[in-house]
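K.L.:
Here it is, the structure in full.
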Amino acid sequence: MSYKPPYLDLYASGELRIRAEKLEAMLASCNICPLDCKVNRLKDEIARCYSGNKAIVSSYCAHFGEEPALTGTNGVGNIFFGNCNLRCVYCQNFEISQRWKEERRNEVTNERLAEMMLELQNEKKCHAIGFVSPTHFVPQMVQAIEIACEVGLNIPIIYNTNAYDSVEVLKLLDGIIDIYLPDIKYSDEQAGYDYSGVKDYVKHSHIALREMYRQMGSNLVCGADGLVKRGLIIRHLVLPNDMAGSDETLKMISGLSPDLTLSVMSQYYPTNRVSDINAEKSHRILLINRRIREREYGKVLEILDKYGLENGWAQEFESQDYYRPDFADRVEPFKK
Ligand code: SF4
């Protein structure tokens, strides 16, 4: 039997509309993310994320760079939202996440957002819709999902997030999102402040992760095509000089469940403010102004062993495209 996303039942029962209304109401005094800016985004007041009432879409396409069990042959239909609630000094996507004013030119209606989803499903034949950096646009995303349901959306929805999410919002996404794909960035609040500009990243990302785990558990549901349709896959980008605090992060994840699925990434490269030759750089920024070393990456892979984390993938050293078979195959991935 083919996988039926639970959001279709929420749509049929009217619950999706109720959730969309609750989320939209939050925009009136915005507490969509933990920054809790309290601006009225329904009236296009903007704050930290430089985002008003309409979603900003920088681009959308069939994307082939996600984890193998998501990408398949036709790719994930990624919709890249513009701007962001974090300000990572090394953002690997800063052209779309931090060109604040320019990005506002890419505002779209919820109807247009729904059309993009249907194009990715029906014309590009993507296996799933992947919302990239969705946190600040959850209300618009859910309204667009509702519109798209009406005209045949039926593939899984991936929430590809920096994990600085509000738990109240995540609760409203229960049953709407099929696959959570959070990137857990740090285990030390000072790192979150120095590198992403928020004082409580660790606190909120851990609460968010626990909520995602509550909704999904550690099992991944796969379809007949062998691709993941539902579950939680946790990303972790290794930073130079252990600024991502990998040991603590992986320990915390194994404490939730050692059966959780990990995606450990080696692809970090210094960019954005870190590599800007004109920017004044603190000692902390200089610490991440290089790629990671093979020895550092090897240590992180050893930590996976230490905490018994056996499910998932680890990228080849410094590669974006290939995954170490010895980690992925040590146990059968997605066997559950
Ligand atoms: S989504 Fe934007 S406006 Fe709303 S609380 Fe977060 S940063 Fe502030």
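Read the figures in this text as sums done on the coordinates, not as results from a lab. All values reported here derive from a predicted model rather than from experimental measurement. A quick note on method: Cβ atoms are made from the backbone with ideal geometry, for glycine too, and the neighbour counts reach across all protein chains shown.
K.L.:
Going through the range 135-215, which GluC sites (Glu not before Pro) have at most 16 other Cβ atoms within 10 Å and a DSSP loop state?
P.N.:
Answer by residue number: there is no such site.
K.L.:
Right, something else. By the scheme Lys and Arg +1, Asp and Glu -1, what is the net charge of all other residues having a beta-carbon under 10 Å from that of ILE96? Before the final figure, lay out each step's value.
P.N.:
Values: positive: ARG99; negative: GLU95, GLU102, GLU103.
Here the count lands on -2.
K.L.:
Let me ask you something else. Have a look at the DSSP beta bridges in the range 7-333 and tell me what percent are antiparallel, nearest 5. Walk me through the numbers on the way to the answer.
P.N.:
Values: 11 of 35 bridges.
If I count the DSSP bridges inside the range 7-333, around 30 percent turn out antiparallel.
K.L.:
Further, regarding this structure: For the range 7-333, calculate the relative contact order in percent as a whole number, restricting contacts to Cα pairs under 8 Å that are 6 or more residues apart. Intermediate results must be reported in sequence, preceding the final value.
P.N.:
Details: 662 pairs, mean separation 46.8, N = 327.
In percent, rounded to a whole number, it is 14.
K.L.:
What are the ³J(HN,Hα) couplings of the range 201-207, residue after residue, when phi is run through the Karplus curve with 6.51, -1.76, 1.60 and θ = phi - 60°? Round to Hz, x for glycine and proline.
P.N.:
In residue order, the calculated couplings are 4, 4, 4, 6, 5, 6, 4 Hz.
K.L.:
When ranked by the protection proxy of mean other Cβ atoms within 10 Å per residue, highest first, what sequence do the peptides 96-104, 7-15 form?
P.N.:
96-104, 7-15
K.L.:
I need the shape label for the range 10-117. Rule: rounded when a/c is under 1.5, else prolate if a/b > b/c, else oblate, with a, b, c from the alpha carbon gyration tensor. Don't skip to the end; give the middle numbers.
P.N.:
Values: a/c = 1.86, a/b = 1.15, b/c = 1.62.
Oblate.
K.L.:
Could you calculate the FRET efficiency of SER257 with LYS171 from 1/(1 + (r/R0)^6), where r is the beta carbon distance between them and R0 is 25 Å, rounded to 0.05?
P.N.:
0.80
K.L.:
Using 0.36 nm per residue of separation minus the Cα-Cα distance, give me the extension gain between LYS299 and ILE18 in nm, one decimal.
P.N.:
My answer for the length gained is 96.5 nm.
K.L.:
Oh, and also: Note down the Stokes-Einstein diffusion coefficient of the range 120-193 in µm²/s, whole number, using a Kirkwood radius over alpha carbon pairs, 10 °C, and 1.306 mPa s.
P.N.:
Estimated diffusion coefficient is 117 µm²/s.
K.L.:
For the range 7-333, report the convex hull volume of the alpha-carbon atoms normalised per residue, in Å³, without decimals. Can you show the working numbers first?
P.N.:
Working: hull volume 39.8 nm³, N = 327.
Measuring per residue, one finds 122 Å³ for the Cα hull of the range 7-333.
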